1. Evaluate the charge dipole of the stretch 1-123 about its Cα centre and quote only its size in Debye, nearest 20, assuming +1 on the Cβ of each Lys and Arg and -1 on the Cβ of each Asp and Glu.
2. Spin-label point model (7 Å from Cα, Cβ direction): what's the ALA44 to LEU234 distance in nm?
3. What's the lysine pair count for the chain at a Cα cut-off below 21 Å, pairs eight or more apart or interchain?
4. Quick one: P(r) of the stretch 1-103 from all Cα-Cα pairs, 5 Å bins, percents rounded to integers, in order of increasing distance.
5. Considering only C-alpha atoms, what is the centroid distance from the stretch 126-177 to the stretch 195-248, in Å?
6. Just reorder ILE87, ILE63 by solvent-accessible area, largest first, 1.4 Å probe, all chains present.
7. Between [x] 18.2; [y] 19.1; [z] 17.4, which matches Kirkwood radius over Cα pairs in Å calculated for the structure shown?
8. If each of ARG109 and VAL195 carries a label point 7 Å out from its Cα toward its Cβ, how far apart are those two points in nm?
Amino acid sequence: MKNIALQLYSIKELTSTDFLGTLKKVADIGYDGVEFAGYFGTSAADLRQALDAYGLKAAGSHIGISDLMLQLEQTIEYSLAIGSPYIICPGLPEEMRESADSYRRTAERLDRIGERCKEQGIRFGYHNHGVEFQKFDGLTGLEWLANHTHPDHLFLELDTYWAEHAGFRSVDWIEQFKDRCRILHIKDMKSREDVRNTEIGSGIMDFAAITEAGKRYGVEWYTVEQEEYEIPQLDSIAASLQYLRQIL
């Protein structure tokens, strides 16, 4: 059985009003873990207690680059307290990704952050959107970040939807980065003409091939992320989980 998590940004309207209660609903649906997008003022002790009570694993946290630079030690301490092995940068402001030189400087910053995380027993990763596939001096932004950071200091949380949205096959990126892809974000696309999100297995993306590539290279978490809905949110994430269970 492979680990399947939910990126909680998917149901931010629910977590923002009842954070711990929503975690229980995610657990009841059957997810193995959750990836955090904010803690809503919850203490690490209370969150750890809830996770243990619900049988959920902490599958990482998205932490903005500003907090990573200004509050790294507190961020690491919180992650350790809730039993989360990953801290992930969810994206970059334009000034940190507007040229080859800016990507090189950003990679140096990320490498230092990742080095400190490693010292404390945390793995540091980067999550892409579409902008990281723009090329500078022949390389995509994602390649600049990977090529200028130590593999032990930065893993890649490849967002498969955004790779396909940019016109690539996400399997090719998994093959390129191999075991540096520790987590895959799983989000389906309705069609090439209608690129809205849809439930996993209901769109055009080949998740059988994507998850097979993930298995080859030891992906640790398959993390569902959904941002657009045509059915109730909890029904949607339940349908995505059911499909992933069938192919994993």
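1. Details: 14 positive and 18 negative charges, 62 e Å.
Charge dipole, the stretch 1-123, about its Cα centre: 300 debye, nearest 20.
2. 3.1
3. 21
4. The percentages, shortest bin first, are 2, 12, 22, 24, 17, 10, 6, 4, 2, 0.
5. That distance is 19 Å.
6. Details: ILE87 0, ILE63 20 Å².
In descending accessible area the options line up as ILE63, ILE87.
7. [x]
8. 2.6
The values are calculated or read from the model by the stated rules, or taken from the named source; none is laboratory data. Nothing here was measured: the structure is a model prediction, and the numbers come from that model. Don't worry about glycine lacking a Cβ; one is built from the backbone with ideal geometry, like all the others, and counts go over all protein chains shown. These accessible areas exclude ligands, DNA and RNA; they are computed on the full protein's heavy atoms, side chains included. Shrake-Rupley method; radii C 1.70, N 1.55, O 1.52, S 1.80 Å.
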